[in-house]
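A quick write-up on the structure given underneath.
The values are calculated or read from the model by the stated rules, or taken from the named source; none is laboratory data. In this text the structure is predicted, and so the values were computed from the model without any measurement. Quick reminder, even Gly has a Cβ in these numbers, built from the backbone with ideal geometry, and neighbours come from all protein chains shown. We work out accessible area using only protein heavy atoms, side chains counted, and drop any ligands, DNA or RNA first. Shrake-Rupley method; radii C 1.70, N 1.55, O 1.52, S 1.80 Å.
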Amino acid sequence: MDCGIPEYEGRRVTSQGAAGHLTVDLDALARNYQRLSAEVAPARAAGVVKADAYGLGAERVATRLYAQGCRLFFVAQYIEGKRLRPALPSDAQIFVLNGLQPGSELAAAQDGIVPVVNSFEQLQRWSDTANAVGRRLLAVLQFDTGMSRLGIPPEERTPVAGLLNAAHSIEILFIMSHLASADEAQTGQNRDQLAEMSRIAGEFPELAVSFANSGGIFLGGAYHGALVRPGIALYGGAPTAGAPNPMEPVVSLEVAVVQTRTVPSGTKVGYGGTHITTDETHLATISVGYADGFLRSLSGRGAVYCDGVRLPVVGRVSMDSTTIDISSLPEGRLKLGSLVEVLGPHQTIDDLARDAGTISYEILTGLGDRFERRYRGAPRSTVTG
Ligand SMILES: *Cc1c(COP(=O)(O)O)cnc(C)c1O
């Protein structure tokens, strides 16, 4: 054991030339999926695997979710769906949240990727594509209920309904919308959006509804509809701000010490000399920087851990390295090649996000590719032949 994370792998990190190792616990992911599925039953839970499953590896994550019974997957861009498609069996459906860019419809139809249609124009183009390929095509309709980001705006509802009635080229699987403030349980915006969604659902009584993301799941049954779309909660992020996190952490990250030194009082540390020691100080420089997603906003405020001891960042975070104060550890505890905990039992993605002035989503999606990645609990491939 090194700094509190089981299965010390310092040697493996070194032999790979990696900056550290990032462990993705697919068993914890699977338990989070089951936890969310139980929370919303009889509604179903999809898996949101956009942005390479929030940086954790879309193929591995989706394959494991499939093994847990997940059949519906959301990506943001068509290219993500195209890449993921061969990894999943044919009964898995992949939905593209941003819809299709003009010119990619035919390829998407051939790949069997299902667009989330966000406007009348997208619906028209998808309908034309169906006519061109000579078969009905599947789609999901997203409505804007008050976020003004994606989705059919109020003034397009009637034309959309008209086109669907006139043309039978498109089969709508369900309708959806997205909450702007789902992580804030008390805000009135959630209730306003729910009321708007209920009105829209009344206009399409035969269609199932998908509404809640991670935060929405914990707003209660009224928000569940038939299908929920968790992302961050699957990956261990707190679904509700300021409330205890019911999810299990999925990611841990340890990085290697590159150098240690002892400096006298009055010594400048890092770019710009922004930190000046006020005592004799033991320092260690670790191989993680803003290019690895250890954000520069952690300069002078973030920390890493060893043996449960908080080791504060001193001075500015560099691109490839960061200097920490290790004076509170026994002398010689950390040396070249030792590992320290960036994410693990003592620091969650939400803790690091708070110190960096951001959200767990940005921490996860920013994790770089200079770590040796290890997957715990990977299933055998579900695709044969
Ligand atoms: C990203 C996204 C989700 C997942 O959100 P989380 O907060 O990570 O659960 C669900 N629906 C839509 C439309 C999204 O863009």
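Run the numbers for Arg373 and Glu171: contour at 0.36 nm per residue of separation, minus the present Cα-Cα distance, in nm. Kindly include the intermediate steps, with their values, before the conclusion.
Values: separation 202, 0.36 × 202 = 72.72 nm, distance 4.05 nm.
Full extension from Arg373 to Glu171 adds 68.7 nm.
Ignoring ligands, DNA and RNA, please state the percent of accessible area on the chain from carbon and sulfur, probe 1.4 Å.
49
Top to bottom by accessible area (1.4 Å), largest first, where do Asp183, Asp25 land?
Greatest to least solvent exposure: Asp183, Asp25.
Solvent-accessible area per residue for the stretch 249-384 at a 1.4 Å probe radius, Å²?
Accessible area per residue: 47 Å².
How large is the translational diffusion coefficient of the stretch 242-317 in µm² per second when you combine the Kirkwood radius over alpha carbon pairs with Stokes-Einstein at 25 °C and 0.890 mPa s?
Rounded to a whole number, D works out at 174 µm²/s.
Would you please classify the overall shape of the stretch 70-181 from the alpha carbon gyration tensor, given that a ≥ b ≥ c denote the square roots of the eigenvalues, rounded means a/c under 1.5, and beyond that prolate means a/b larger than b/c while oblate covers the rest?
oblate
For the stretch 115-244, with equal point scatterers placed on the C-alpha atoms only and solvent neglected, what are the log10 I(q)/I(0) values from the Debye formula at q = 0.17, 0.19 1/Å, to two decimals?
Scattering profile of the stretch 115-244, log10 relative to I(0): -0.86, -1.02.
Taking just the C-alpha trace of the chain, give me its Rg and Dmax in Å.
Cα-based Rg and Dmax for the chain come out at 23.8, 80 Å.
Quick one, what does Rg over Rh come out to for the stretch 26-235 if you take C-alpha atoms and the Kirkwood Rh? Provide the component values of the computation, followed by the final result.
Numbers: Rg = 16.4 Å, Rh = 17.3 Å.
Result for the stretch 26-235 is an Rg/Rh of 0.95.
With n ≥ 4 as the cut-off for DSSP H runs, can you work out [θ] at 222 nm for the chain, using -39500 (n - 2.57) per run divided by the number of residues, rounded to the nearest 500?
Rounded to the nearest 500, it is -8000 deg cm²/dmol.
Net charge around Pro264, counting only other residues with Cβ within less than 12 Å of its Cβ (Lys, Arg = +1; Asp, Glu = -1)?
0
Averaged per residue, what accessible surface does the stretch 26-235 expose to a 1.4 Å probe, in Å²?
Numbers: 8380 Å² over 210 residues.
Value for the stretch 26-235: 40 Å² per residue.
Heads up, I need the accessible area for Tyr361: 1.4 angstrom probe, whole protein in place, Å², nearest 10.
Accessible surface of Tyr361 is approximately 90 Å².
Quickly work out the Ala87-to-Glu362 label distance, labels modelled 7 Å from Cα along the C-beta direction, and quote it in nm with one decimal.
About 2.6 nm separates the two model spin labels.
What does the net charge come to around Leu29 if you take all other residues with beta carbon closer than 10 Å to its beta carbon, with K and R at +1 and D and E at -1? Walk me through the numbers on the way to the answer.
Numbers: positive: Arg31, Arg60, Arg64, Arg376; negative: Asp25, Asp27, Glu248.
Charge balance in the 10 Å sphere: +1.
Going through the stretch 173-265, which GluC sites (Glu not before Pro) have at most 16 other Cβ atoms within 10 Å and a DSSP loop state?
Working: sites: Glu184, Glu196, Glu203, Glu206, Glu254; in loops: Glu184, Glu206.
The qualifying sites are Glu184, Glu206.
With only Lys, Arg, Asp and Glu charged, each at its Cβ (+1 for the first two, -1 for the last two), find how big the charge dipole of the stretch 26-235 is about the Cα centre; round to the nearest 20 debye.
I would put it at about 560 debye.
Using the Cα centre of the stretch 89-210 as the reference point, and only Cβ charges (+1 on K/R, -1 on D/E), how large is the resulting charge dipole? Debye, rounded to the nearest 20.
160
What fraction of the DSSP beta bridges in the chain is antiparallel, stated in percent and rounded to the nearest 5? Mind showing how you got there, number by number?
Values: 28 of 56 bridges.
Among the beta bridges of the chain, antiparallel pairing accounts for roughly 50 percent.
Taking a cut-off of 19 Å between Cα atoms, list the aspartates and glutamates near Lys82, but don't count ones fewer than 8 places away on the same chain.
Here the aspartates and glutamates satisfying the reach criterion relative to Lys82 are Asp52, Glu59, Asp91, Glu105, Asp111.
Roughly speaking, what % of Cα-Cα pairs in the stretch 249-384 are separated by over 18 Å, rounded to a whole number? Please list the in-between numbers first.
Details: 4991 of 9180 pairs.
Beyond 18 Å sits 54 percent of the P(r) for the stretch 249-384.
At 0.36 nm per residue, minus the direct Cα-Cα distance, what do Leu336 and Gln34 gain on full extension? Give it in nm, one decimal, please.
Value of the extension gain: 104.6 nm.
Do any trypsin sites (Lys or Arg not before Pro) in the stretch 139-240 lie in a DSSP loop with no more than 16 other beta carbon atoms within 10 Å, and if so, which?
For trypsin sites (Lys or Arg not before Pro) across the stretch 139-240 that sit outside H, G, I, E and B with at most 16 neighbouring Cβ atoms in 10 Å, the list reads Arg149.
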